[in-house]
Amino acid sequence: MTAARKPVRGAETIALLAVRQTEIRRPDAFQFIEVNGRPALATYRGDTLVWLDTVEIADGRITVVRRLVNPEKLAHVGHI
């Protein structure tokens with residue numbers, strides 16, 4: 001996961017960051033969707049997509065987590 005251009009490393013640190021963001025932002029719903037042919041986790045507040053998480057997997061392990069929060073880019077994903 002990248003936060004403010006500073007890479008976050010380590011499974012425990014990334015998991016803790018993800019939990020804290022969910023507690024702070026308080027989304028209403030999550031939905032697995034497909035984006036660019038890959039699975040993604042869409043997070044909604046009401047009917048608004050507020051962030052989109054994608055992962056890269058190598059050798060059965062998550063190696064990269066990306067979170068898209070830019071409203072202009074999220075608008076291209078739309079509501080599923």
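The values are calculated or read from the model by the stated rules, or taken from the named source; none is laboratory data. Just so it is clear, the structure is predicted and the values come from calculations on it, not from any experiment. Neighbour counts are summed over all protein chains in view; Cβ atoms, including those assigned to glycine, are modelled from backbone coordinates with ideal geometry.
Within segment 22-80, being basic (Lys, Arg), surrounded by 11 or more Cβ atoms within 10 Å (Cβ to Cβ) and within 22 Å of Pro7 (Cα to Cα) holds for Arg25, Arg66, Arg67.
In segment 1-29, which residues are assigned to a strand (DSSP E or B) and either touching a Gly at 6+ places or on another chain (Cβ under 6 Å) or modelled with pLDDT under 80 (or both)? Scanning segment 1-29 gives Thr2, Ala3, Lys6, Pro7. Whenever a residue of segment 4-32 is more than 14 Å from Val65 (Cα to Cα), its partners that are modelled with pLDDT under 75, lying with C-beta atoms within less than 8 angstrom and at least six residues away or across chains, give the pairs Gln31/Ile80. Residue pairs whose Cβ atoms lie under 8 Å apart, separated by 6 or more positions or on different chains, with the first residue in segment 44-56 and of a type in the set (Lys, Arg) and assigned to a strand (DSSP E or B) and the second modelled with pLDDT under 90 and surrounded by 15 or more Cβ atoms within 10 Å (Cβ to Cβ), are Arg45/Pro27. Taken over segment 57-80, the residue count meeting the criterion of being at pLDDT 85 or above, under 13 Å from Leu41 (Cα atoms) and part of a strand (DSSP E or B) is 3.
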